[in-house]
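Below is one structure; the comments refer to it alone.
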Amino acid sequence: MFLPANGAVVDAPHLQPPSPLPAAMAPIQAAAAAEILDARCAVPMHYEAEQPDKIAGYVEVLDPENEFRTHAGRRAHVLAVGEWLDLAT
């Protein structure tokens with residue numbers, strides 16, 4: 001299961017008024033979804049701390065990767081950019 005896990009809040013000038021709700025699941029919510037759906041593998045996506053082209057006002061939770069690993073436990077499979085996950089194993 002691939003899960004958006006950055007918990008981003010968007011407060012951009014062209015999106016007013018800003019929503020008080022995150023635009024994607026927070027890491028703990030993504031981990032809970034993986035557990036509820038009994039995912040064998042849970043891969044967080046849509047997070048990147050050093051992304052230069054983010055719009056101003058797009059703020060992610062601190063350290064989404066580590067928080068996801070903490071809450072998803074054995075299901076967590078955090079991949080490096082370009083890394084493949086062999087689902088047959």
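Since every read-out is calculated from the coordinates, none of them should be taken as a lab result. Fair warning: this is a prediction, and the values are worked out from it, not measured in the lab. Glycine gets a Cβ as well: all are built from the backbone with ideal geometry, and neighbour counts include every protein chain shown.
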Counting only other residues whose beta carbon sits under 15 Å from that of residue 68, what net charge do I get with K and R as +1, D and E as -1? -3
Would you calculate a helix-derived [θ] at 222 nm for the chain, using -39,500 (n - 2.57) for each DSSP H run of n ≥ 4 and dividing by the full residue count, to the nearest 500? -6000 deg cm²/dmol
In nanometres, what is the gap between the two model label sites at residue 66 and residue 80, each 7 Å from Cα along Cα-to-Cβ? 1.9 nm
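Using the Cα atoms of segment 17-72 to build a convex hull, what is its mean projected area in square nanometres?
Details: hull surface 18.3 nm².
Result: 4.6 nm².
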What do you get for the angle between helix 27-36 and the principal long axis of the chain? Use alpha-carbon atoms, 0 to 90 degrees, nearest ten. 40 degrees
The set of residues whose placed amide H lies less than 5 Å from the amide H of residue 11, leaving out same-chain residues fewer than 5 positions away, is 58, 59
Unit charges at the beta carbon, dipole of segment 2-75: most positive-side option, 8, 57, 29: 29
The local net charge around residue 28, scoring Lys/Arg +1 and Asp/Glu -1 for residues other than residue 28 whose Cβ lies under 15 Å from its Cβ, equals -3
Compute the distance in nm between two label points, each set 7 Å from the Cα along the Cα-to-Cβ direction, one at residue 56 and one at residue 16. 1.2 nm
